[in-house]
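Comments concern the structure below.
The values are calculated or read from the model by the stated rules, or taken from the named source; none is laboratory data. As the structure is a prediction and not an experimental result, all values here were calculated from the model. Ideal geometry is used to build each Cβ from the backbone, glycine not excepted, and the neighbour counts take in all protein chains shown.
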């Protein structure tokens, strides 16, 4: 009997297929929100101002397409979204900002709409979330603050949640639908390799420190899928032969007390890029020194290879955010 659930069935058909093990219950079907409608990345802000670029995965050798700008030009911001919208929060304009902008993908030529602010103005922060909420963590002044933005009430001030295990400036973040991993950062000039895990269901607790990155650094970026996260690039003033890194670390969520595993590098060493992607690939765009317009594609299934340079951003920039 075929494993098929399309068509019209009698209750006897359902019973027979359940007994045979060929009836697929809805709650046994894997849910991968990152595969729904994720054919693009939006890179926003950075050193060039309020510009937003759209990268289409299927034509990723083309120059990214400039879209409607953020409500306010700023760099060192962070972003997270779902399949219909993206929220860009914080940044330096100059002047530290708590602004949160919402980009509606279906009207991406419009100026982004300013929404309820973060609870604390800051830049050099990071963000990750799920389909209903975004968590913005860390930032300038080496703060440990984590703010939760609830998409359905995004005109309200973001709600402060349980802090990171320590304050940090310039971390990176990735995760899945239940947890976020925030890695790296610096505390007043001292980079570290700490990884904190935020469990969304208990987000008033202090984040739990997990297995470290393979290399201490800050000003890095990250993207992953439901099982792993890839943290790439970064800066450490004591680094040799250069303070800029092309290092990519892979964190396996199921063994997150282990040291992250170094994988194939980016095409060039850099700090301050942004990253986004889907369940099979990550795109790292922009960065310094430069600034750069380079976009690198990491294919998760061949993550020991050097990342492949793809079509550039519409303008060179460092410290953008991406979703």
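Brief remarks follow.
- Qualifying residue in region 79-88 (condition: more than 13 Å from residue 44 (Cβ to Cβ), touching a strand residue (DSSP E or B) at 6+ places or on another chain (Cβ under 9 Å), crowded, with 21+ Cβ neighbours inside 10 Å and modelled with pLDDT under 95): yes
- Residue within region 95-103 that is more than 19 Å from residue 45 (Cβ to Cβ), part of a loop (DSSP other than H, G, I, E, B), assigned by TED's automatic domain parsing to the domain that holds residue 233 and in contact (Cβ under 8 Å) with a residue 12 or more places away in the chain present: no
- Residue list for region 50-64, filter: over 12 Å from residue 293 (Cβ atoms) and either modelled with pLDDT of 95 or more or surrounded by fewer than 16 Cβ atoms within 10 Å (Cβ to Cβ) (or both): 50, 52, 54, 56, 58, 59, 61, 62
- Filter result for residue 152 (surrounded by fewer than 20 Cβ atoms within 10 Å (Cβ to Cβ) and assigned to a loop (DSSP other than H, G, I, E, B)): no
- Conditions (1) in contact (Cβ under 8 Å) with a residue 24 or more places away in the chain; (2) in contact with a strand residue (DSSP E or B) (Cβ under 9 Å, 6 or more places away or on another chain); number of the one not met by residue 56: (1)
- A single entry from 282, 275 fulfils the requirement of being in contact with a strand residue (DSSP E or B) (Cβ under 7 Å, 6 or more places away or on another chain), under 15 Å from residue 219 (Cα atoms), modelled with pLDDT of 95 or more and outside any loop (DSSP other than H, G, I, E, B): 275.
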